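As structure tokens, the structure follows; a few thoughts come after it.
The values are calculated or read from the model by the stated rules, or taken from the named source; none is laboratory data. On a predicted model such as this, the values are computed, not experimentally measured, just so you know. Positions of Cβ are generated from backbone atoms using ideal geometry, with glycine treated the same way; all protein chains shown enter the neighbour counts. Calculation scope for accessible area: heavy atoms of the full protein, side chains included, ligands and nucleic acids excluded. Shrake-Rupley method; radii C 1.70, N 1.55, O 1.52, S 1.80 Å.
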Amino acid sequence: MTLAPNQTELLARARVDLRMGVPIVLTHHGRTVLVAAAETLSSGRLNDMRGVGDPVLAITPRRADTLKARAYSDRVARIELPRDAGTEWIASVADPSDDLTRPMKGPFRTRRGGDDGLEAQSIALCKSARLLPATVVVDVSNTAEIAADKNLTIVSLDQKMIDTLSLAPVAHARLPLTVSEAGRLHIFRPDDGSEEHYAVEIGRPPRDEPVLARLHSACFTGDVLGSLKCDCGPQLHTALNIIGQEEHGVLLYLNQEGRGIGLANKMRAYSLQDQGFDTVEANHRLGFEDDERDFRIGAMILKSLGFSAVRLMTNNPRKVNRMNETGIHVTERVSLRVGKGAHNQAYLATKARKSGHLL
């Protein structure tokens, strides 16, 4: 029995299937549905799903609000597919890239009442797979035939299963850095198959005192390419310099690109910003919340390293609150106001006005 994949491993397999356009089967409390990611669904598989039943397009209330579609729920809207709707129609509803050129996408008929738990879970899976948060869902009765005969991944869920989180240290080694030769890099791997996260430790910070710390979310465009659209790169390098000057501290580099929506969706948000929407509005039009990051990851890494209290380098009071909520006591907030320029003034103003950043 131990050779069979456990629940976490099945969910990881399901995320990969959705990214490749392969449907999956979800079951919960006697209900079974066939699920495909709207972003990767092919015409042939859409036709096959129609042969099973009447699919709905599940989207988030954020996206539904943009489309002026009734959600009837605080976690999902279920739009009935018109008979002549193909993958282009589905993509147009799920992806806001053509909202301004094709503003009249309705009217939509949305389902109300009944169990929408599996639709909500399917969207959560798409989010964790860094896809657009939209799925095509159809109820099925012949679970064995659909899953086994078609060789599809089948996952039996309860409502809390996707929310579990566990990660473990994998390796660490000495890593001399320009800011300090007393550097050490720690690698942490989640058990759900998602991206690894890193901790850069400078010196030997005492574990019984608050450690100077920075929780930095990965930003390929800012950290690596030197993008001027954000302040991430300057924050990363300034934080490392400050820790190096103090000779003791830790910087967590968390692979939660684009506030947890992934690089592809971040580029979609950038494209929407070019159309005139601010960063929060762009996330909402895509169907995401303001911030999709999971700060429990940072708390778990700090605890694994032996830290229980931090002097946190951040301009975000919500991050301070989240650390305290996860059991890491923030004794001091250390300001990190750097990186402001001509290209990111509006972005920083939005962070201050809508996300509460102290800039």
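Within the stretch 183-202, the residues that satisfy the criterion of being farther than 30 Å from K340 by Cα and in contact (Cβ under 8 Å) with a residue 24 or more places away in the chain are H186, F188, P190, D191, D192, G193, S194. Against the list (1) open to solvent by less than 40 Å² (accessible area, probe 1.4 Å); (2) under 24 Å from the mean Cα position of the chain (by Cα), the condition P55 fails is (2). Among the residues of the stretch 302-334, the one identified as among the β-branched types (V, I, T) and under 23 Å from K266 (Cβ atoms) is T314. Within the bounds of the stretch 5-23, is there any residue that is part of a loop (DSSP other than H, G, I, E, B), open to solvent by less than 10 Å² (accessible area, probe 1.4 Å), modelled with pLDDT of 95 or more and small (G, A, S)? There is at least one residue in the stretch 5-23 that is part of a loop (DSSP other than H, G, I, E, B), open to solvent by less than 10 Å² (accessible area, probe 1.4 Å), modelled with pLDDT of 95 or more and small (G, A, S).
Taken over the stretch 47-65, the criterion of being within 15 Å of I90 (Cα to Cα) and part of a helix (DSSP H, G or I) is satisfied by N47, M49, R50, R63, A64. Checked against the criteria, L228 counts as open to solvent by 30 Å² or more (accessible area, probe 1.4 Å), among the aliphatic types (A, V, I, L, M), farther than 24 Å from V200 by Cβ and more than 20 Å from the chain's Cα centre (by Cα). Among all positions in the stretch 139-162, there is no residue which is under 27 Å from N324 (Cβ atoms), assigned to a helix (DSSP H, G or I), without any contact (Cβ under 8 Å) to a residue 60 or more places away in the chain and open to solvent by 40 Å² or more (accessible area, probe 1.4 Å).
Every residue, every condition in (1) within 25 Å of A282 (Cβ to Cβ); (2) assigned to a loop (DSSP other than H, G, I, E, B); (3) not polar (S, T, N, Q), yes or no:
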{"residue": "V25", "(1), (2), (3)": "no, no, yes"}
{"residue": "T32", "(1), (2), (3)": "no, no, no"}
{"residue": "W89", "(1), (2), (3)": "yes, no, yes"}
{"residue": "K105", "(1), (2), (3)": "yes, yes, yes"}
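Could you tell me whether the stretch 213-220 includes any residue that is surrounded by fewer than 18 Cβ atoms within 10 Å (Cβ to Cβ) and at pLDDT 95 or above? Yes: one or more hits. Just one of the numbered conditions (1) at pLDDT below 95; (2) in a helix (DSSP H, G or I) is not true of M1: (2). As for the stretch 98-105, it holds no residue that is of a type in the set (K, R), surrounded by 14 or more Cβ atoms within 10 Å (Cβ to Cβ), in contact (Cβ under 8 Å) with a residue 40 or more places away in the chain and closer than 27 Å to N265 by Cα. Beta carbons closer than 9 Å, at least 6 apart along the sequence or on distinct chains, pair a first residue in the stretch 258-278 that is under 14 Å from E289 (Cβ atoms) with a second that is at pLDDT below 95 and of a type in the set (S, T, N, Q) for R259/T279; A269/T279. Identify all residues within the stretch 275-289 that are in a loop (DSSP other than H, G, I, E, B) and over 22 Å from A38 (Cβ atoms); write none if there are none. Those that are in a loop (DSSP other than H, G, I, E, B) and over 22 Å from A38 (Cβ atoms): G276, D278. Scanning the stretch 233-280 for residues that are in contact with a helix residue (DSSP H, G or I) (Cβ under 7 Å, 6 or more places away or on another chain), open to solvent by 10 Å² or more (accessible area, probe 1.4 Å) and within 23 Å of L132 (Cβ to Cβ) yields E257, G258, L263, K266, R268, S271, Q273, F277, D278, T279, V280. Every test in (1) open to solvent by less than 60 Å² (accessible area, probe 1.4 Å); (2) under 30 Å from L228 (Cβ atoms) is passed by I328 save one, and that test is (2). For the stretch 111-138, taking the residues that are assigned to a helix (DSSP H, G or I) and charged (D, E, K, R), the one that is most open to solvent (accessible area, probe 1.4 Å) is identified as K127.
Among the residues of the stretch 24-52, those that are of a type in the set (S, T, N, Q) and open to solvent by 20 Å² or more (accessible area, probe 1.4 Å) comprise T27, T40, S42, S43, N47. Taking the stretch 294-309 as the range and being at pLDDT below 95, open to solvent by 20 Å² or more (accessible area, probe 1.4 Å) and not in a helix (DSSP H, G or I) as the test, only D294 passes. Residue check: is P82 of a type outside the set (V, I, T), surrounded by fewer than 17 Cβ atoms within 10 Å (Cβ to Cβ) and free of Cβ contacts under 8 Å to residues at least 24 places away in the same chain? Spelling it out, P82 is indeed of a type outside the set (V, I, T), surrounded by fewer than 17 Cβ atoms within 10 Å (Cβ to Cβ) and free of Cβ contacts under 8 Å to residues at least 24 places away in the same chain. Scanning the stretch 163-177 for residues that are surrounded by 13 or more Cβ atoms within 10 Å (Cβ to Cβ), modelled with pLDDT of 95 or more and not in a strand (DSSP E or B) returns L175, L177.
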